[in-house]
Amino acid sequence: MEYMMPQAQKKILLIGGTGFVGHHLGAHLAKLGYKIELLTRSIKSNGELAYPCSQIAWDASKDIPDSVDPNVDVIVNLAGESVATGKWTIKRKEAIQMSRITATQKAVTFANRNKTPLLIQASATGFYGDTDGKKCDESSKLGRGFLAET
């Protein structure tokens, strides 16, 4: 499949662009010609990211910094504590859920304040549960368990 470059370079604020989905999405968007501004817990050195971007360190418990371009065309929020590392204790499950809630609240506040036309939110890959390879969409039923409920 061949992709067309955007007519005018679109700016994307990618929140959580270093995780399981984010690093692939960032590379794909950069390949399509999008300018990416990355909010991340820790700045990565050259070569650690699969795509070019400007990076801004961000603690998700705080508001999105004023240094972020308020005129982004799209916000993609993938931020959240990794579900793939560590035992899922009660405390860890709470941290996983709160990291997503807080980051989403901050992204929505930023989007509303700056009238960002599009906010895309994604959290974990377990929403539909174990589907045994079956394709899912918005009409599919919610899975069971912690990841689906988160």
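The values are calculated or read from the model by the stated rules, or taken from the named source; none is laboratory data. Remember, predicted model here, so these are calculated numbers, not experimental data. In this analysis, Cβ positions are derived from the backbone assuming ideal geometry, glycine residues included, and neighbour counts consider all displayed protein chains. These area figures cover heavy atoms from the full protein model, side chains too; ligands, DNA and RNA do not enter into them. Shrake-Rupley method; radii C 1.70, N 1.55, O 1.52, S 1.80 Å.
Points worth noting:
- This model, with +1 at the C-beta of Lys and Arg and -1 at the C-beta of Asp and Glu, gives the chain a dipole about its Cα centre of some 220 debye.
- Coordinate range of the alpha-carbon atoms in the range 108-150 per principal axis, descending: 41, 20, 13 Å.
- Percent carbon-and-sulfur accessible area, the chain, ignoring ligands, DNA and RNA, probe 1.4 Å: 53 percent
- Calculated accessible area for the range 1-105 comes out at 62 Å² per residue, all protein chains present (probe 1.4 Å; ligands, DNA, RNA ignored).
- Helix 90-114 vs. the chain, principal-axis angle (Cα, 0 to 90°, nearest 10): 30 degrees
- Ranked packing of 63-74, 129-140, most packed first, by mean Cβ within 10 Å: 63-74, 129-140
- For the chain, the tally of Lys pairs with Cα-Cα distances below 15 Å comes to 7, considering only residues 8 or more apart or on different chains.
- Each label point was placed 7 Å from the Cα along the Cα-to-Cβ direction; for residue 101 and residue 28 their separation is 3.0 nm.
- Stretched out straight at 0.36 nm per residue, the stretch from residue 92 to residue 66 would grow longer than its current Cα-Cα span by 6.3 nm.
- Two-decimal Rg/Rh across the chain, once Rg and the Kirkwood Rh are taken from alpha-carbon atoms: 0.97
- Here the spin labels are modelled as points 7 Å beyond Cα on the Cα-Cβ line, and at residue 114 and residue 135 they lie 3.4 nm apart.
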